[in-house]
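Accompanying notes for the structure given below.
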């Protein structure tokens, strides 16, 4: 730290800071006749979540500039002006004593933060969406994907004479759940977009081949594979589009529901599965 152009050596702080944390301190040399004192320090932050200031001066003017493109301005005062772009951010704060209840001085260990609360302002360094967070967000749609896939298989049972065993559904669901493990493990070795694409292709290829065997029809297998591919494409668009994720998600769910309602509009739900019809069942029961 430079204090009136004099270098000071910092020492470990032996008491709590304003917010109860630990820090460093340096003894100051203040002349009684001094009217203006200048100080500066340079900090290298590694692994820090943010940087905050307590406005202890009568008028506190703070300028912060960093190469972090995802700042979150927090605290009791927001910057009076700021600019954020892909290269970083620049922000200015102006805090007057009339807008702060922080004392200008105190004696000994009578820490103002212990009783009155600490007023601070600053910025949190938001972590951009990484592979782990993307994988976590994608898992939240798992139940929807399973429901739509199982509903498609079930509709094929209803609309045709096909019969599937619950074990078939179990294996299809296991294959879809395996996608998220493949996605995360591949993302640790390569970029997330490539890992996502490879995992989706692997799962779609696996399930399409399996459905070809259990559905006994190439057309039905293509429908299942195409549906799963569309679902993964839709999910990826939600993951990478942070600004319109809620809008895209709600519109997508509406379209999915509308599609299911359209395809099932002519199904007789009182008839027996397989299209035999309720009359035939009643006739057999009567005989």
Spans of strands (runs of 3 or more DSSP E) in the stretch 23-96 with at least 2 residues more than 16 Å from residue 120 (Cβ to Cβ)
59-66, 81-85, 88-96
Take residue 228 and decide whether it is surrounded by 13 or more Cβ atoms within 10 Å (Cβ to Cβ), more than 27 Å from the chain's Cα centre (by Cα) and in the same structural domain as residue 148 (by TED's automatic domain parsing).
no
Taking the residues in the stretch 231-271 that are without any contact (Cβ under 8 Å) to a residue 40 or more places away in the chain and surrounded by 15 or more Cβ atoms within 10 Å (Cβ to Cβ) as candidates, determine which candidate is nearest to residue 153 (Cα to Cα).
271
Candidate set from the stretch 29-48 (those that are within 30 Å of residue 85 (Cα to Cα) and loosely packed, with under 11 Cβ neighbours inside 10 Å); member that is modelled with the highest pLDDT:
40
Of these, 186, 162, which one is within 28 Å of residue 263 (Cα to Cα), surrounded by 15 or more Cβ atoms within 10 Å (Cβ to Cβ) and assigned by TED's automatic domain parsing to the domain that holds residue 221?
162
Please work out which one of (1) within 20 Å of residue 123 (Cα to Cα); (2) modelled with pLDDT of 80 or more is the condition residue 8 fails and give its number.
(1)
Quick one: in the stretch 75-100, which of the residues that are at pLDDT below 85 and surrounded by 11 or more Cβ atoms within 10 Å (Cβ to Cβ) is nearest to residue 63 (Cα to Cα)?
96
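The values are calculated or read from the model by the stated rules, or taken from the named source; none is laboratory data. Computed from a prediction, not measured in an experiment: that's the story for all the values here. Cβ sites come from the backbone with ideal geometry, for glycine too, and all protein chains shown count toward neighbours.
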